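Undergrad: Here it is: the structure, laid out below.
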Amino acid sequence: MTDQQLASRVVDVEHRGWMLTRDVGLDGPLVYQDASDYMAQRYLAPDDLAEQCGPLRPVVPPAEEDVAELRRAWTAAGRQAAYSTAVAVQVAFGRLREGRGGLTAPDSFEVTRRQLVAGRPGSWEASRLLELQLWANRDKVRRYDAAAADDIAAVLVRWVSNPDRYTEVAETLAGLFGDFADEHGGWPAVADQWLQRGALDRDGVLLAYGLLYSTGEEFDPAMLG
């Protein structure tokens, strides 16, 4: 495989993310670094990575039909769009974990966590996404659109489960949601009153607004307190 054919990021069979870089400065050969554990300083040549950890999946942008499906779900949810998205992340996490054996499998939580953030595991967006799914409460049925949450979750599961490709979730979801929100009136139009400025649910504002509207045109860091 030539240098031009190498994907800048790939995900291996164990749902670990790898980033293409150069070994020993700008003049070194191209290698992949284990992005799921930067402290380990683990590097493998492309062929070695494919042999030892394959099959590999390239990290690619979302399919147009998936973006369209997300936008339909957010439109249907209206001011419940933000909370519905948080619930969807939780639903997707649960489905992925069940596919690994659920609560009966000791490693199911850790493997699912890796799978959900393998596109850029070291990013702040990835960390915030995992916190968001822990915060969401599916018992608060009046705060989200169940059908929309289910549709969004299906898209997220596809992004990280497709055997041929992988779409990074956290940053991609934030970018798409921010664009959608700006086109439909900003954050007040896509989030309920408990996620607005001055709301008592500070964790909700920090996690939902802080991630989902982080790329929004009117994003205000002061809302995060």
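The values are calculated or read from the model by the stated rules, or taken from the named source; none is laboratory data. What you are looking at is a predicted structure, and each value in this text was computed from that prediction instead of being measured. Ideal geometry is used to build each Cβ from the backbone, glycine not excepted, and the neighbour counts take in all protein chains shown. Just the protein is used for accessible areas: all its heavy atoms, side chains included, with ligands, DNA and RNA removed. Shrake-Rupley method; radii C 1.70, N 1.55, O 1.52, S 1.80 Å.
Undergrad: Check region 64-85 and report whether any residue there is buried (at least 16 other Cβ atoms within 10 Å of the Cβ), touching a Lys or Arg at 6+ places or on another chain (Cβ under 7 Å) and closer than 27 Å to A35 by Cα.
TA: Yes - at least one qualifying residue is present in region 64-85.
Undergrad: Listed residues G186, G119, G210; which is on the phi > 0 side of the Ramachandran plot and open to solvent by less than 10 Å² (accessible area, probe 1.4 Å)?
TA: So the residue among G186, G119, G210 that is on the phi > 0 side of the Ramachandran plot and open to solvent by less than 10 Å² (accessible area, probe 1.4 Å) is G186.
Undergrad: Still on this structure, please answer the following. Starting from residues that are of a type in the set (G, A, S) and within 14 Å of the chain's Cα centre (by Cα), keep the ones in region 144-164 and report whichever is nearest to A81 (Cα to Cα).
TA: Step by step, filter region 144-164, then rank; the result is A153.
Undergrad: Okay, next question. Could you say whether any residue in region 192-202 is touching a residue at least 24 places away in the same chain (Cβ under 8 Å) and under 20 Å from E69 (Cα atoms)?
TA: no
Undergrad: Right, something else. Where residues in region 151-183 are touching a residue at least 40 places away in the same chain (Cβ under 8 Å) and acidic (D, E), which of them is surrounded by the fewest Cβ atoms within 10 Å (Cβ to Cβ)?
TA: Taking the candidates together, the pick is D164.
Undergrad: Check whether at least one residue in region 167-189 is outside any loop (DSSP other than H, G, I, E, B), more than 26 Å from E65 (Cβ to Cβ) and either of a type in the set (K, R) or modelled with pLDDT of 95 or more (or both), and report yes or no.
TA: Yes.
Undergrad: Within region 86-113, which residues are under 25 Å from V141 (Cα atoms), open to solvent by less than 80 Å² (accessible area, probe 1.4 Å) and among the aliphatic types (A, V, I, L, M)?
TA: Of everything in region 86-113, those that are under 25 Å from V141 (Cα atoms), open to solvent by less than 80 Å² (accessible area, probe 1.4 Å) and among the aliphatic types (A, V, I, L, M) turn out to be A86, V87, A88, V89, V91, A92, L96.
Undergrad: Answer yes if at least one residue in region 134-156 is more than 29 Å from Q33 (Cα to Cα) and hydroxyl-bearing (S, T, Y), and no otherwise.
TA: yes
Undergrad: Can you tell me which residues in region 12-59 are in a strand (DSSP E or B), in contact (Cβ under 8 Å) with a residue 24 or more places away in the chain and within 27 Å of D107 (Cβ to Cβ)?
TA: G17, W18, L44, R57, P58, V59
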